[in-house]
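The values are calculated or read from the model by the stated rules, or taken from the named source; none is laboratory data. Quick caveat: nothing in here was measured; it's all calculated off a predicted structure. Every residue, glycine as well, gets a Cβ built from its backbone with ideal geometry; the counts of neighbours run over all protein chains shown. Heavy atoms of the whole protein, side chains included, go into the accessibility calculation; ligands, DNA and RNA do not. Shrake-Rupley method; radii C 1.70, N 1.55, O 1.52, S 1.80 Å.
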Amino acid sequence: MRLELQGVSARVGAHTHLYPTSVSLMAGAINVLLGPTLAGKTTLMRLMAGLDRPTEGKIIADGVDVTGVPVRERHLAMVYQQFINYPSLSVFENIASPLRIAGKLSEDDIRKKVHEMAERLHISNYLDRSPAALSGGQQQRTALARALIKDAGLLLLDEPLVNLDYKLREELRRELTDLFASSGTTVVYATTEPLEALQLGGQTLLMHEGRVLQHGSTLSVFNAPSSLQAARTFSDPPINLINAQIATGVADLGNGLSMPLSERQRSKAAGHSDVVLGVRAHSLRLSSQGNDFAVGATVDLSEISGSETYVHLHRGELSLVAQLTGVHTLNIGAATTVYFLPEDLFIFSTDGALLCAPDSTGV
């Protein structure tokens, strides 16, 4: 399905939940809505589904104006973060229910499609059980199977994995990515997690406080966020930000730190003496590569999370977070040095506009 929003907004009384938004989804692909809680993701998704009518604007599906057309008359399916299944029906009947309501298939065809879908989502052994007898992951798989079996042109997923434990989330996310790739369905997937957006790929709409900040291929949006707010939204841990002044090709970072800029960086930042430098946490390292920039700092906190270590540091008024691969033991109060490549810097103007992205992006 080709879905286009033309100047769509949503207001409730004096409160604006979604500012005028015009965007076209990529048909037959994954379209990620990425943003924090209250960014407007669910509001936008409900408008796409026809659950709510926009205050202004139009919604166009395959060239047809469907603004105000109720959800039951739309060719779509939706899955929420809660496990919504019919408790009185078996898993088989839950999955089969959309096909029975449509009334277009024989019983043999329904059974065939249900078993095929259950096999794809690894719940074939549970078709005779009630949803209450399933684990959380199996319940969500059942809800997903019921949505997918409709073979709808538009599939809306509102943080569908948020209530699952980490291992289940990783497993199911991989399975869903494979399913979406072969289905030809236009998928809209809402999440608060930048890593999940990167894993899903496709297109990403960055959202913040009811506005779409940026829209494009997921990697291009991640590599070249159009603004400081976009960089914040698409960075976890938060991007490290440093106020700096540029003079004669050198950035003064304060706290006794100054760094020569490349010719490309100087050209992109020309005309801006006051800037904000950004470096993502994963770009910081504990070892030098020879041509990098060194920052001597003091360890405030070292957190081990699975196979990564998050190190919080400060140097004077400058605070940094380093995301390190592997397990590292750093004592609180210890002096250490972190390194990053100057070409990994983002440069923003003081009003938040992107001036220069890392070299590999060409921006």
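Data overview
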{"read-out": "Exceeding the 21 Å Cα-Cα cut-off - candidates Lys41/Lys150; Lys112/Lys150; Lys104/Lys150", "value": "Lys41/Lys150"}
{"read-out": "Point-to-point label distance, Arg11-Ala353, nm (Cα→Cβ direction, 7 Å offset)", "value": "2.8"}
{"read-out": "Structure-based [θ]222 nm, the chain - -39500 (n - 2.57) summed over DSSP H runs of at least 4, per residue, nearest 500", "value": "-7500 deg cm²/dmol"}
{"read-out": "Selected from Leu5, Ala181, Thr309, residue furthest toward positive end of dipole (the chain; charges at beta carbon)", "value": "Leu5"}
{"read-out": "Amide H partners (placed H, <5 Å) of Ser258, local residues excluded", "value": "Leu253"}
{"read-out": "Cα-based equivalent ellipsoid, the chain: semi-axes from gyration tensor eigenvalues, Å", "value": "45, 25, 16"}
{"read-out": "Accessible area (Å², per residue) of the chain, counting only protein heavy atoms and a probe of 1.4 Å", "value": "47"}
{"read-out": "Share antiparallel - DSSP beta bridges, the chain, percent rounded to 5", "value": "75"}
{"read-out": "Dipole magnitude (debye, nearest 20) for the chain, charges at Cβ of Lys, Arg, Asp, Glu", "value": "740"}
{"read-out": "Diffusion coefficient, µm² s⁻¹, Stokes-Einstein with Kirkwood Rh over alpha-carbon pairs of the stretch 80-169 at 20 °C and 1.002 mPa s", "value": "162"}
{"read-out": "Selection from Gly326, Ile110, Gln199, by position along the positive dipole direction of the chain (Cβ)", "value": "Ile110"}
{"read-out": "Of every Cα-Cα pair in the stretch 142-220, the percent that sits beyond 21 Å", "value": "29"}
{"read-out": "Highest to lowest packing among 262-275, 117-130, scored as the average C-beta count within 10 Å", "value": "117-130, 262-275"}
{"read-out": "Surface share of carbon and sulfur [accessible, 1.4 angstrom probe, percent] for the chain", "value": "49"}
{"read-out": "Shape category assigned to the stretch 262-312 from the gyration tensor of Cα positions, a/c cut at 1.5", "value": "prolate"}
{"read-out": "Using a Förster distance of 30 Å, the FRET efficiency for Tyr19-Thr177 (Cβ separation, nearest 0.05)", "value": "0.45"}
{"read-out": "Cβ crowding within 10 Å averaged over residues, with 293-303, 148-158, 21-31 ranked highest first", "value": "148-158, 21-31, 293-303"}
{"read-out": "Acute angle (nearest 10 degrees) that the helix 107-120 long axis makes with the longest principal axis of the chain, alpha-carbon atoms", "value": "20"}
{"read-out": "Simple spin-label estimate for Asp62 and Lys112 in nanometres, 7 Å along Cα-Cβ", "value": "2.3"}
{"read-out": "Charge context of Ala61, other residues only, Cβ under 10 angstrom, K/R +1, D/E -1", "value": "-1"}
{"read-out": "Positive-end extreme of charge dipole, the chain - chosen from Ala353, Phe92, Tyr19 (charges on Cβ)", "value": "Phe92"}
{"read-out": "Zero-based 5 Å bins, Cα pair distances in the stretch 35-115, whole percents", "value": "3, 12, 17, 17, 16, 14, 12, 7, 2, 0"}
{"read-out": "Label point distance in nm, Asp165-Gln199, each placed 7 Å from Cα along Cα→Cβ", "value": "1.6"}
{"read-out": "Convex hull of Cα atoms in the stretch 162-305, direction-averaged projection (nm²)", "value": "12.3"}
{"read-out": "Alpha-carbon Debye profile of the stretch 1-150, log10 I(q)/I(0) at 0.17, 0.18 Å⁻¹", "value": "-1.02, -1.08"}
{"read-out": "Cα shape, the stretch 17-79, gyration tensor, a/c 1.5 rule", "value": "rounded"}
{"read-out": "Most to least packed among 211-220, 227-236 [average Cβ atoms within 10 Å]", "value": "227-236, 211-220"}
{"read-out": "Linear extension gain, Asp300 paired with Ile332, 0.36 nm per residue minus alpha-carbon span", "value": "11.0 nm"}
{"read-out": "About the Cα centre, charge dipole magnitude for the stretch 234-361 (Lys/Arg +1, Asp/Glu -1 at Cβ), debye", "value": "160"}
